[in-house]
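Heads up: the structure comes next, in structure tokens.
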Amino acid sequence: MSPPHLRVNPITCTGHGICAELFPERIRLDDWGYPVIDEAPVHGDLIDHAQRAVEACPTMALLLEARARAGVED
Amino acid sequence: MAPPTGLRRLLGGMGNDGNWLSLSEHIERFGDSPASAMGAEELARLLDDSGLRGRGGAGFPAAVKVRAVGSRRGRLVVVANGAEGEPASSKDRLLLTAAPHLVLDGVGLVAEALDVGEAIVCVKRVDAAAHEAVAQALVERAEAGTERCEIELVAVASGYVAGEESALVNELNGGPPGRPTFVPPRPFQSGVGGRPTLIQNVETFAHIGLIGRFGSEWYREQGTPEDPGTHLVTLSGAVQSPGVYEMEGGGSLEDLIGAAGGVAGEVQAYLIGGYGGTWFDAALAPRLGLGHADMRAVGGALGPGIVVVLPAGACGIAETARVLRFMAEESSGQCGPCVHGLAAVAYELEELAAGVAGPGAVDRLERWCADIDRRGACSHPDGAVRMVRSCLTAFSADLAQHESGHACRVPHGAREVLPLPGDLAWAG
């Protein structure tokens, strides 16, 4: 199975920011507190961190998806 | 029936003085409605052969959309999008007002080929004349009894993002206007009433109607192999005769300006693609091609066919600041990076234009643009960012002046060039 990708639903996201605390390797916050996601595939040990961040999001805006969204290279 | 020759294909379907042709006049000019015997795959192949791309801005191949929807189960929906949100565009309004039968021909052809359960034409509520024209045209077609699929006219809201595909579907589903949704699912998967929905710009349907009559080879008689057919382009600003022109695919900016009688006075820059588009310094104009590949090579796109010509006396920074304030206000307000990002960019540009921006303003703008890009649910922030980045390049001299604390060289109260809704100067 190919590695999954992180994506945020920007409509549901309220800029809570806990995702960036839990997964700083791939998520940082912009000047307004919203997550900037590195959409490269998530490999190996990082998957656990990604899962934790996904579960912690209070609005369930963070998604770990099987396929990259259009325009993102694997 | 002899097919139209030359460039006046869509414009040739209009009556004099912006009046529209009656159904009988329309049939006299173009022949009977296009053949209805074809199925979805045949239509897709016809559109494949023609190379028709959507005219709403994204330029997506029409055949791909037809196949994506046509291959699905259940009651399908087709929507003609006349919600033209770009203030500097008036081609869709013109087409609906002056040639509604061209649009309805295409909608009817697609609706029958896909055997849809529902066909809708969306016209802005404020476009009263367009509404009237389409309504009357539908009455004529009903009386003639030739239409096999009922087409519904729906009045929709205005607004920059109101015509975004998912936002339009949202509104048609009873939701608030101008609110794009998170995709997937895209309309072709789940759209109006949750059904697979084919949405195309009204101009795209007009071309489809003519291709249905005259074929793909005819379509390719104009334009280039990569950019076949014709495009409607709204040209405004410092030209002798602003208005909607029909140009060949892959044509040059120079030819377009020439068709409008040339520039009016000294020109500084061109905004191509609308407010989600790209500024180009006038020095580049002689080499600028408006075709897909030509535009992409220089980081631009024709978009929904919009060109605004900026005279030498205007300030590109100030104009961009005005537009960015508009773009920030037109955000649907759903996504943090768009709401906050565009507001921050607009404010910084306003400060720059007034010569009172803090140090590092341009660096901040560039950083924000990089952060905002592609982080909304729709491409509204991406377009705004594109315009800002191109502004920083195209107006580098004025930018340096503003950065070092000089206010605009344009006299205060001078007439602004880029149209915005609500401007006294904007005819709407």
Q) Just one of B:Ala88, B:Ala2 is assigned to a loop (DSSP other than H, G, I, E, B) and modelled with pLDDT under 95; which is it? A) B:Ala2
Q.
So in segment B:27-71, with the set limited to residues that are farther than 23 Å from B:Arg8 by Cβ and among the β-branched types (Val, Ile, Thr), which one is surrounded by the fewest Cβ atoms within 10 Å (Cβ to Cβ)?
A. B:Val64
Q: Residues being buried (at least 18 other Cβ atoms within 10 Å of the Cβ) and assigned to a helix (DSSP H, G or I): count how many of those fall in segment B:255-275.
A: 5
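So that you can scan it fast, the table gives a plain yes or no per residue for (1) within 30 Å of B:Pro61 (Cβ to Cβ); (2) open to solvent by 50 Å² or more (accessible area, probe 1.4 Å); (3) polar (S, T, N, Q):
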{"residue": "B:Arg287", "(1), (2), (3)": "yes, yes, no"}
{"residue": "B:Cys315", "(1), (2), (3)": "no, no, no"}
{"residue": "B:Leu324", "(1), (2), (3)": "no, no, no"}
{"residue": "B:Gln334", "(1), (2), (3)": "yes, no, yes"}
{"residue": "B:Cys338", "(1), (2), (3)": "yes, no, no"}
{"residue": "B:Ala353", "(1), (2), (3)": "no, no, no"}
Q | Qualifying positions in segment B:372-385 - within 14 Å of chain A (Cβ to nearest Cβ) and surrounded by 20 or more Cβ atoms within 10 Å (Cβ to Cβ) | A | B:Ile372, B:Arg375, B:Gly376, B:Ala377, B:Cys378, B:His380, B:Pro381, B:Val385
Q | Single unsatisfied condition, B:Ser332 versus (1) within 14 Å of another protein chain (Cβ to nearest Cβ); (2) not in a loop (DSSP other than H, G, I, E, B) | A | (2)
Q.
Test of understanding: among B:Ser252, B:Ser158, which residue is over 30 Å from B:Met1 (Cβ atoms) and touching a Leu at 6+ places or on another chain (Cβ under 7 Å)?
A. B:Ser252
(Q) Take B:Val385 and tell me if it is within 21 Å of B:Phe326 (Cβ to Cβ), of a type in the set (Val, Ile, Thr) and not in a loop (DSSP other than H, G, I, E, B). (A) yes
Q) Scanning for something free of Cβ contacts under 8 Å to residues at least 60 places away in the same chain, within 14 Å of chain B (Cβ to nearest Cβ), closer than 26 Å to B:Arg179 by Cα and among the small types (Gly, Ala, Ser), does segment A:21-34 turn up at least one residue? A) yes
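Conditions tested, residue by residue: (1) part of a loop (DSSP other than H, G, I, E, B); (2) surrounded by 14 or more Cβ atoms within 10 Å (Cβ to Cβ); (3) out of contact with any helix residue (DSSP H, G or I) (no Cβ under 9 Å at 6 or more places or on another chain); (4) charged (D, E, K, R).
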position: A:Cys13; (1), (2), (3), (4): yes, yes, no, no
position: A:Glu25; (1), (2), (3), (4): yes, no, no, yes
position: A:Trp32; (1), (2), (3), (4): yes, yes, no, no
position: A:Pro41; (1), (2), (3), (4): yes, yes, yes, no
position: A:Gly44; (1), (2), (3), (4): yes, no, yes, no
position: A:Asp48; (1), (2), (3), (4): no, no, yes, yes
position: A:Ala53; (1), (2), (3), (4): no, yes, no, no
position: A:Leu64; (1), (2), (3), (4): no, yes, no, no
position: A:Ala68; (1), (2), (3), (4): yes, yes, yes, no
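This table checks each residue for (1) acidic (Asp, Glu); (2) out of contact with any helix residue (DSSP H, G or I) (no Cβ under 9 Å at 6 or more places or on another chain); (3) away from chain A (no Cβ under 13 Å); (4) within 22 Å of A:Gly15 (Cβ to Cβ).
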position: B:Pro337; (1), (2), (3), (4): no, no, no, yes
position: B:Leu352; (1), (2), (3), (4): no, no, yes, no
position: B:Pro359; (1), (2), (3), (4): no, no, yes, no
position: B:Leu365; (1), (2), (3), (4): no, no, no, yes
position: B:Ala370; (1), (2), (3), (4): no, no, no, yes
position: B:Cys391; (1), (2), (3), (4): no, no, yes, no
position: B:Asp398; (1), (2), (3), (4): yes, no, yes, no
position: B:Ser404; (1), (2), (3), (4): no, yes, yes, no
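I need a count of the residues in segment B:1-35 that are small (Gly, Ala, Ser) and under 14 Å from B:Ile211 (Cβ atoms).
Total satisfying the criteria: 4.
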Q.
Which count do you get for residues in segment B:112-131 that are surrounded by 15 or more Cβ atoms within 10 Å (Cβ to Cβ) and over 20 Å from the mean Cα position of the chain (by Cα)?
A. 7
Q: Mind listing whichever residues of segment A:1-11 are in a strand (DSSP E or B), within 11 Å of another protein chain (Cβ to nearest Cβ) and aliphatic (A, V, I, L, M)?
A: A:Val8
(Q) Please determine whether any residue of segment B:304-324 is part of a loop (DSSP other than H, G, I, E, B), within 30 Å of B:Gly229 (Cα to Cα) and away from chain A (no Cβ under 14 Å). (A) yes
Q. Looking at B:Val169, B:Val192, which one is touching a helix residue (DSSP H, G or I) at 6+ places or on another chain (Cβ under 7 Å), more than 28 Å from B:Pro419 (Cα to Cα) and surrounded by 20 or more Cβ atoms within 10 Å (Cβ to Cβ)?
A. B:Val192
Q. Just checking, which of B:Phe188, B:Phe214, B:Phe205, B:Phe182 is aromatic (Phe, Trp, Tyr) and in contact with a strand residue (DSSP E or B) (Cβ under 6 Å, 6 or more places away or on another chain)?
A. B:Phe205
Q | Scan of segment B:90-108 for residues that are in contact (Cβ under 8 Å) with a residue 60 or more places away in the chain and open to solvent by 10 Å² or more (accessible area, probe 1.4 Å), ordered by number | A | B:Ser90, B:Leu94, B:Thr97
Q: Specify the residue that is surrounded by the fewest Cβ atoms within 10 Å (Cβ to Cβ); the eligible residues are those in segment B:236-254 that are assigned to a loop (DSSP other than H, G, I, E, B) and in contact with a strand residue (DSSP E or B) (Cβ under 6 Å, 6 or more places away or on another chain).
A: B:Pro242
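The values are calculated or read from the model by the stated rules, or taken from the named source; none is laboratory data. Not measured: the values here are computed from a predicted model. Heads up, the Cβs are rebuilt from the backbone with ideal geometry, glycines too, and the neighbour counts pull from every protein chain shown. Heavy atoms of the whole protein, side chains included, go into the accessibility calculation; ligands, DNA and RNA do not. Shrake-Rupley method; radii C 1.70, N 1.55, O 1.52, S 1.80 Å.
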